[in-house]
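A.B. asks: Structure incoming, see below.
Just so it is clear, none of the values below were taken in a lab; they were calculated from the coordinates. None of these values were measured; they are calculated from a predicted model. FYI the Cβ positions are ideal-geometry reconstructions off the backbone, even for glycines, and counts take in every protein chain you see.
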Amino acid sequence: MIDDMTPVLIIGIVFAFVSFNVYLKYRRDSLRHDLNAKDSELHREHALLQEKTEDLEQRVRVLESIVTNRKFQLQQEIDSLS
């Protein structure tokens, strides 16, 4: 009886091994795809944040130039006297 089942068990083991390898390949490819999607999303977000940082730095430069302007300081002194 056991001798009759040996080929069936061997075929079952081979089928399970092949199926498991196919599943692992699918899972690996799926994870790579998710990683690539997240990577490109992070690159877009990084670019947006860099652009926003540059805009804010430019605004700070403009504000610094206004505050350090001699006319602005003179106007502040005049306003404080009245």
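A.B. asks: Express in nm, to one decimal, how much length is gained between ASP79 and ARG27 on full extension, taking 0.36 nm for each residue of separation and deducting their alpha carbon distance.
C.D. replies: Gain in length upon complete extension: 11.6 nm.
A.B. asks: Using a 7 Å offset from the Cα along the Cα-to-Cβ direction at both ASP39 and ALA16, what is the distance between the two label points in nm, to one decimal?
C.D. replies: Inter-label distance under the simple model: 3.6 nm.
A.B. asks: Run lengths n ≥ 4 of DSSP H only: what is the helix-derived mean residue ellipticity at 222 nm for the chain, with -39500 (n - 2.57) per run over all residues, to the nearest 500?
C.D. replies: The per-residue figure over the chain is -35000 deg cm²/dmol.
A.B. asks: Identify all aspartates and glutamates with a Cα-Cα distance to LYS25 below 15 Å; exclude those on the same chain that are fewer than 8 residues away in sequence.
C.D. replies: Partners within reach: ASP34.
A.B. asks: While we're looking at this one, here's another question. Placing unit charges on C-beta atoms (Lys and Arg positive, Asp and Glu negative, everything else neutral), compute the dipole magnitude of segment 2-81 about its Cα centre in debye, rounded to 20.
C.D. replies: Here segment 2-81 has a charge dipole of around 160 debye.
A.B. asks: Going toward the positive end of the dipole of the chain, with +1 on Lys and Arg Cβ and -1 on Asp and Glu Cβ, which of THR53, LEU74, LEU35 do you reach last?
C.D. replies: Farthest towards the positive pole: LEU74.
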